[in-house]
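This report concerns only the one structure given below.
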Amino acid sequence: MSEEEKKENELLNNSPVEEGDKETESSVTENVQEEPIIRVEAPLPKSEAKSMEATEESLSDKAEAVEEAVSNQLEEVKEAVSDKVEAAAEKAANSAETVTNSVESLGEKAEELIHESAEKAKEAVPAAEKTVEEAASSASATVHEATQKLEEKTEEKLSAADRIKQNVNKYKPAPKTNVHGSGGAEDKSGTGKSQSALIVGIAVGILLLVLAFAYALFPRRTKINLDKYISVNFSGYDGYGTAEVKFDEESFLKDYKKKIKLKKKKDIFTNALLTEYSTEAYLYDYFISGNWSLDGVNGEYKNGDKVHLTWKIDKDVVEEAFKVKIKDAGQEFTVKDLEKMETFDAFENFNMEFTGTAPDGRAEWRASGIMDGSKGLYFKVDPEYGLSNGDKVTVKIEPKENLTNFVQKTGKAPKEMEKVFTVDGLPSYIDSASKIDDTLLASMKSEVEDMIKSNIAKEGETVQLLSAEYQGYYFLNAKSSSSYLKNIFYPVYKVTIRITLSDQNFVQDYSFFTAGAFKNIMEEGKDGKVTVDVNEMNTVYHSFVIDTGVGNWFTTKYYLDGFETLESLRNECVTKNLADFKAEEKISENTTAEQTEEAPAETTAAETTETETTSNS
């Protein structure tokens, strides 16, 4: 026993005892004599006691701090879990290369085990999250329960202190009540705080183990920010700018080398590809490359345009297959630094000419200078054939997809990309007799009259032409533009002749009808003049017989070119052609009325001495 302990025992033994304490002391003495003496160790030195006291207070404070921290952490766990997982993922990524090298050395079997663990971890995530919440709740309940148990233990320790006072051995005489109270308080405080700190420490340890387990099972996905590697360059001329999208493939493959893994189950095609591809290269070539689009029309950008790049990646497929997290928000780019461009009249050296005859006219053109076709642009005319005066022909500059290249080569762009021309100057076939002027009509009539005179003269001296009267016309216009005959004009004449047989004392006048045929009458395009080659008049071939009934053995007959009635002439010229032509008729009403009268009356030979005229009207 040390000197300090001896002094403390002496002080305790020499302390005055009050009357009440004496009774207690004698009672204790009696009890000591009856029961076995229990040895109580001497109290710790003051330095050790103080150290233990400080330790107990520190543990008590720590217990309270841990209890408060657990309460705060319960609120923060859910919010922080994803951040912690991401941070852990980044930390794990830093050492991924080392770990991967180790795993690769274990062979394909180790890799498959890792993938299987990852799949199981993914399935265990919901359970792990639930476990975290339950553990946090359990930890809080445990702390509360520990506090209650601490209070119960304290009461038990106080009872134990009383029993110890009754079993004091010779080395520690029974102290006064106040001394025992102090000692009991110290015992209660030390034991309670120690056990409280232990219980709280165990609860916190359990909570941390649960969190560590959840973190280990939580699927960690590699983040890929696609926008980081994309850029857009604009070039060319203002209004005709082109955009070039570039993806920094080299940096992408370097940044994610051996950081991307495919899920375990792969098809035959994928397995074959991966014999030549790394996983990150396979991801880029087959899922990322070219899967973007830009607003606007490439080749028509101008300075100041806002162009947004949009990704067209199937994120669900990629994230599931490669265990990654894709960020593809897209970016907006402003078009700038495009060069100023000069415009020019593309039709300045364009010459258009319409040839042929309407409605079968055609367009012919030629171009020179910058638009001669050698620089990628040329002219297209529509329609090119089957033209008539007044038709609209559109000339376009094509192909439009070559316009950008044209601008890049020349630094110029057409002011307009198309122009409309009106067809004119084509000779055309008339579609109505009203377009025939008096001069042309007189020429055609004169030709018909010459034909009539010629035919009558061939009959000899017994037949005399009395008159050839113009009755009007029939005009036929072809229904089909492809018809060889576009139109036919028939001037109609009534011819009156006299047959004189002097030896038979016979004089008789006869009338009949005839017509000439003028085909494909045209209107000149430039001045609108209507023309036809009258020398190419056709005769409507038809003959009839005039039987004089005079003669000894045989009657005298005459075979003349013409039609006995106007109706028979109309039937030949008009009715037979209605299937292919539209008819326009203009015949004198007097002539039509005469068709209802009887045949002309006979005249005597004496009447023939009167004035005879041939009417050429």
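In region 433-448, is there at least one residue being outside the structural domain of E524 (by TED's automatic domain parsing), in a helix (DSSP H, G or I), in contact with a Gly (Cβ under 6 Å, 6 or more places away or on another chain) and surrounded by 15 or more Cβ atoms within 10 Å (Cβ to Cβ)? Scanning region 433-448, I find no residue that is outside the structural domain of E524 (by TED's automatic domain parsing), in a helix (DSSP H, G or I), in contact with a Gly (Cβ under 6 Å, 6 or more places away or on another chain) and surrounded by 15 or more Cβ atoms within 10 Å (Cβ to Cβ), so the answer is no.
Report the residue count in region 304-315 for those that are touching a strand residue (DSSP E or B) at 6+ places or on another chain (Cβ under 8 Å) and either under 23 Å from K340 (Cβ atoms) or of a type in the set (D, E, K, R) (or both). If you could, list the steps in order and put the result at the bottom.
Here is the first cut: in region 304-315, the ones touching a strand residue (DSSP E or B) at 6+ places or on another chain (Cβ under 8 Å) are 304-313, 315.
Those left that are additionally either under 23 Å from K340 (Cβ atoms) or of a type in the set (D, E, K, R) (or both): 304-307, 312, 315.
Number of matching residues: 6.
Evaluating N405 against the criteria (1) outside any strand (DSSP E or B); (2) at positive phi leaves one unmet condition, (2). Restricting E332, E384 to residues that are over 25 Å from F234 (Cβ atoms) and free of Cβ contacts under 8 Å to residues at least 40 places away in the same chain narrows the list to E384. Yes or no: region 350-366 includes at least one residue that is closer than 23 Å to N405 by Cα and outside any helix (DSSP H, G or I). Yes - at least one qualifying residue is present in region 350-366. If you go through region 256-292 and keep only what is in contact with a strand residue (DSSP E or B) (Cβ under 9 Å, 6 or more places away or on another chain) and without any contact (Cβ under 8 Å) to a residue 60 or more places away in the chain, you end up with Y256, L283, Y284, S289, G290, N291.
Taking every residue in region 507-535 that is in the same structural domain as S454 (by TED's automatic domain parsing) and pairing it with any residue that is small (G, A, S) and in a helix (DSSP H, G or I), at least 6 positions away or on another chain, the pairs with Cβ-Cβ distances below 7 Å are V534/S443. Please indicate, with yes or no, whether at least one residue in region 342-349 is in contact with a helix residue (DSSP H, G or I) (Cβ under 8 Å, 6 or more places away or on another chain), loosely packed, with under 15 Cβ neighbours inside 10 Å and more than 16 Å from F406 (Cα to Cα). Checking region 342-349: at least one residue is in contact with a helix residue (DSSP H, G or I) (Cβ under 8 Å, 6 or more places away or on another chain), loosely packed, with under 15 Cβ neighbours inside 10 Å and more than 16 Å from F406 (Cα to Cα).
Here is a yes/no grid of residues against (1) surrounded by fewer than 16 Cβ atoms within 10 Å (Cβ to Cβ); (2) farther than 21 Å from E469 by Cα; (3) among the small types (G, A, S):
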| site | (1), (2), (3) |
| --- | --- |
| S543 | yes, no, yes |
| N552 | yes, yes, no |
| N571 | yes, no, no |
| T575 | yes, yes, no |
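Give me the pairs, please: first residue somewhere in region 439-457 and under 15 Å from F489 (Cα atoms), second residue anywhere and among the aliphatic types (A, V, I, L, M) and assigned to a helix (DSSP H, G or I), beta-carbon distance under 7 Å, and either six or more positions apart or on two chains. Matching pairs, first to second residue: S443/V534; M444/V534; E447/V534. Of the residues examined, N477 is not one that is at positive phi, out of contact with any helix residue (DSSP H, G or I) (no Cβ under 7 Å at 6 or more places or on another chain) and modelled with pLDDT of 90 or more.
Considering each of D316, D337 in turn, give the residue that is within 27 Å of the chain's Cα centre (by Cα) and among the charged types (D, E, K, R). Talk me through it step by step, then tell me what you get.
Numbers: D337 fails: within 27 Å of the chain's Cα centre (by Cα).
Of D316, D337, the one residue that is within 27 Å of the chain's Cα centre (by Cα) and among the charged types (D, E, K, R) is D316.
As for region 408-424, it holds at least one residue that is part of a helix (DSSP H, G or I), assigned by TED's automatic domain parsing to the domain that holds A363, touching a residue at least 60 places away in the same chain (Cβ under 8 Å) and surrounded by 14 or more Cβ atoms within 10 Å (Cβ to Cβ). Within region 293-331, the residues that satisfy the criterion of being of a type in the set (F, W, Y) and touching a Gly at 6+ places or on another chain (Cβ under 8 Å) are Y301, W311.
Please work out if A197 is modelled with pLDDT under 75, exposed (fewer than 15 other Cβ atoms within 10 Å of the Cβ) and in a helix (DSSP H, G or I). So A197 fails the test.
Note on region 465-510: residues that are under 17 Å from K576 (Cα atoms) and among the basic types (K, R) amount to 2.
Does G299 satisfy the criteria of being in contact with a helix residue (DSSP H, G or I) (Cβ under 7 Å, 6 or more places away or on another chain) and within 30 Å of P383 (Cβ to Cβ)? When the stated conditions are applied, G299 passes them. Taken over region 355-394, residues that are out of contact with any Asp or Glu (no Cβ under 9 Å at 6 or more places or on another chain) and among the polar types (S, T, N, Q) amount to 3. The residues of region 375-391 that are under 23 Å from Y429 (Cα atoms) and either of a type in the set (G, A, S) or touching a helix residue (DSSP H, G or I) at 6+ places or on another chain (Cβ under 9 Å) (or both), listed by number, are G386, S388, G390. Output the number of residues of region 439-469 satisfying the condition of being among the charged types (D, E, K, R) and either at pLDDT below 95 or at positive phi (or both). Number of matching residues: 3.
Take region 327-363 and flag every residue that is under 23 Å from K415 (Cα atoms) and of a type in the set (D, E). Spell out how you get there, then give the answer.
The initial filter retains those residues of region 327-363 that are under 23 Å from K415 (Cα atoms), namely 335-353.
Residues satisfying the conditions are D337, E339, E342, D345, E348, E353.
Criterion first (touching a helix residue (DSSP H, G or I) at 6+ places or on another chain (Cβ under 7 Å) and part of a loop (DSSP other than H, G, I, E, B)) does K325 satisfy it? Can you show your working first?
On the way: touching a helix residue (DSSP H, G or I) at 6+ places or on another chain (Cβ under 7 Å): yes; part of a loop (DSSP other than H, G, I, E, B): no.
Taking the combined requirement at face value, the residue does not satisfy it.
Considering every residue within region 542-561, establish whether at least one is modelled with pLDDT of 95 or more and assigned to a loop (DSSP other than H, G, I, E, B). Scanning region 542-561 turns up no residue that is modelled with pLDDT of 95 or more and assigned to a loop (DSSP other than H, G, I, E, B).
Those residues that are closer than 30 Å to G386 by Cα, among the polar types (S, T, N, Q) and not in a strand (DSSP E or B), I need them from region 475-534; list them, please. The answer is S480, S481, S482, S483, N520.
The values are calculated or read from the model by the stated rules, or taken from the named source; none is laboratory data. This is a predicted model, so every value here is computed, not measured. FYI the Cβ positions are ideal-geometry reconstructions off the backbone, even for glycines, and counts take in every protein chain you see.
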